[in-house]
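Below is one structure, written out as structure tokens; comments come after it.
The values are calculated or read from the model by the stated rules, or taken from the named source; none is laboratory data. The structure displayed is predicted, hence computed values, not measured ones. Positions of Cβ are backbone-derived with ideal geometry, glycine not excepted, and every protein chain shown enters the neighbour counts. In case anyone asks, the SASA skips ligands and DNA or RNA and just uses the protein heavy atoms, side chains included. Shrake-Rupley method; radii C 1.70, N 1.55, O 1.52, S 1.80 Å.
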Amino acid sequence: MTAAAESTVTFHSRFARELPELAVPWQAEEAPGPEILVLNEQLAAGLGLDPQYLRSPDGVRLLVGNSVPAGASPVAQAYAGHQFGGYSPLLGDGRALLLGEVTDRTGRLMDIHLKGSGRTPFARAGDGRAVVGPMLREYLVSEAMHAMGIPTTRSLAVVATGRQVRREGMQPGAVLARVARSHLRVGSFQYARATEDMDLLKRLADHAISRHYPQAAEAPNPCLALFASVVAAQAGLVVRWMLAGFVHGVMNTDNMTVSGETIDYGPCAFLDAFNPAAVYSSIDVEGRYAYANQPVIAEWNLARLAEALLPLIDEDEEKAVASAVEVLGGFREQYSRAWTGGMKTKLGLAAENISDDAVSGVIDDAVAILKDGPVDYTLFFRNLGKAARGDMRPVRGMVRDAAGLDAWAGRWLALQPDAELMDSVNPAYIPRNHLVEEALAAGTEGDVAPLRRLLEAVTDPFTERAGLERYMEAAPEEFGSYTTFCGT
Ligand code: AMP
Ligand code: MG
């Protein structure tokens, strides 16, 4: 078979056209020897991109931004953002480009974005590059998140550039091609607001409404409805992170989307032993983005979005603030309702005749058992599924206080948990930190076989398969205090 000669997909440049003030036309730097390390053929096909074409020399060049498809006009996006609480008025894509948008097979407009494609006018002191390890991490974790049903940017490919990049020592360079409903961030609105160009701010809001929340256009106050939609989307997103034991690691406002997709996987990790204070990022010394802080930080970030939107919500600032505060006030309630619902399902108790009130004690006490730890968060729930089928041994073997667990389980089992339901939401396979490190280390050395095997496990997370036992096991003890570095 011969590879298709060119991409048959039509690229659009709607963001660049509608919001030129936020889009700097730019070109990727030349990759001296691009080679695909991993290609998401299923995702490619869903976008109408022929995987065979993407593997051809021209296709590989497209994936690093060196061949610009017809209709695409690559841009670096401008945005601002609060990083660890401090405001930076100008961040923007320092090492990334929005190649353009394509319409996927389901009719949705999707961004195709390249990370590690060279310095842009927003690069500041950065080299504009990315290296293989962190790009493979983003690929792996984002695809695992997607497989668990958690809204996220997707990963299309990681291409090694053939260039050595200086980090701590030299590392092989790479470009990640990713796909998202959009790359609009809270920081995009902060940037637009700071320009004091109300027409720009309005166009940005209209763009976001049209792409993500078209029903908001019909509301009496579309911008307030946009804000309410983002609040709901983020409450729904962060609760899914919490239920999955995911720690994003760098929830700056420039890393929070308006669409409600998880974005920018840097120093992220899944909990091994349950610990509300878990922090994995080496630079998060104060634990601002610790596991248990994530809902509060999301709410804080949403307040920054509200501030940016105020002039569009009402001309009278006091009224605008009152409306925004009221909407943001709904975050906690939405979050706790979703938490209770999610935990109920994780415990197999979603039956409609079991009220939230009836199970809240059982949920709280399950969390108390986890806190009494050390208990591997993911395995605990998976093993509870076995307990629901009558085998208490696996979960009993995990806890410090077996008698306490038995007493709790008596109350829980009396509610007749549905083991199948539990297995459909409690993953057997997640990108466990020790497995991720193993796959990234091999990938950096040019061996992507461990990555592929791990991907196979985590992209079908709920079905236990023979031969994948080691992917379910908790981290070896010597892997105790895991840290990821922001030198991405
Ligand atoms: P992040 O924390 O990865 O979301 O990045 C924060 C900001 O730093 C964004 O504006 C990035 O584009 C920029 N940045 C990160 N790494 C680099 C790099 N190596 N070169 C240029 N800009 C970078
Ligand atoms: Mg970012």
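So how do Lys115, Lys386 rank on accessible area, 1.4 Å probe, biggest first, that is with the largest at the start?
Greatest to least solvent exposure: Lys386, Lys115.
Return the carbon/sulfur percentage of the accessible area of the range 3-180, one whole number, probe 1.4 Å, all protein chains in place.
Carbon-and-sulfur percentage of accessible area, whole number: 51.
For Glu218 and Ser282, FRET efficiency with R0 = 56 Å and r from the beta-carbon atoms, rounded to 0.05?
Working: r = 46 Å, r/R0 = 0.83.
Rounded to the nearest 0.05, the efficiency is 0.75.
Can you give me the Cα centroid spacing of the range 200-239 and the range 88-107 in angstrom?
19
Report the far tail of the P(r) of the range 3-180, meaning the percent of Cα-Cα pairs longer than 28 Å.
So the pairs more than 28 Å apart make up 19 percent of the total in the range 3-180.
Whole Å is fine, so just give me how far the alpha carbon centre of the range 393-438 lies from that of the range 252-316.
So the two Cα centres are separated by 28 Å.
Ignoring ligands, DNA and RNA, what percent of the 1.4 Å accessible area of the range 235-359 is carbon and sulfur?
It is 50 percent, rounded to a whole number.
Full extension from Lys386 to Lys319: what is 0.36 nm times the residue separation minus their Cα-Cα distance, to one decimal in nm?
18.7 nm
Compute the length gained on full extension between Leu413 and Phe84: take 0.36 nm times their separation in residues and subtract their Cα-Cα distance, giving the result in nm to one decimal.
Full extension of this stretch gives 114.1 nm more.
What FRET efficiency, computed as 1/(1 + (r/R0)^6) with R0 = 22 Å and r the Cβ-Cβ distance, is obtained for Ala45 and Arg465, rounded to the nearest 0.05?
Numbers: r = 24 Å, r/R0 = 1.09.
The computed FRET efficiency comes out at 0.40.
How would Arg389, Arg108, Arg14 line up by accessible area, probe 1.4 Å, largest first?
Arg389, Arg108, Arg14
Give the ranking of Asp284, Asp447 by solvent-accessible surface, highest area first, calculated with a 1.4 Å probe.
On the way: Asp284 10, Asp447 75 Å².
Order by accessible area, largest first: Asp447, Asp284.
Please report, to two decimal places, log10 I(q)/I(0) for the range 341-488 at q = 0.15, 0.18, 0.21, 0.22 Å⁻¹ as given by the Debye formula with identical point scatterers on the Cα atoms and no solvent.
For the requested q values the scattering log ratios are -0.83, -1.08, -1.31, -1.39.
What are the GluC sites (Glu not before Pro) within the range 13-45 that DSSP puts in a loop, where the Cβ has at most 16 other Cβ atoms within 10 Å?
Loop-located and lightly packed - Glu30.
Mind giving me the nanometre distance, one decimal, between the label points for Asp406 and Glu30, set 7 Å out from Cα along Cα→Cβ?
A separation of 7.3 nm, rounded to one decimal place.
Over 20 Å intervals from 0, what percent of Cα-Cα pairs in the chain sits in each interval?
23, 55, 22, 0
Counting only heavy atoms of protein chains, what accessible area per residue, in Å², does the chain have with a probe of 1.4 Å? Walk me through the numbers on the way to the answer.
On the way: 19590 Å² over 488 residues.
About 40 Å² of surface per residue is accessible.
Can you return the lysines within cross-link range of Lys346? Criterion is Cα-Cα under 18 Å, with same-chain partners fewer than 8 residues away left out.
In chain and number order, the partners are Lys371, Lys386.
Compute the distance in nm between two label points, each set 7 Å from the Cα along the Cα-to-Cβ direction, one at Ala292 and one at Thr103.
Between Ala292 and Thr103, the label points sit 4.9 nm apart.
Determine the calculated [θ] at 222 nm for the chain from helices alone, applying -39500 (n - 2.57) to every DSSP H run no shorter than 4 residues and normalising by the residue count; nearest 500 deg cm²/dmol.
-13500 deg cm²/dmol
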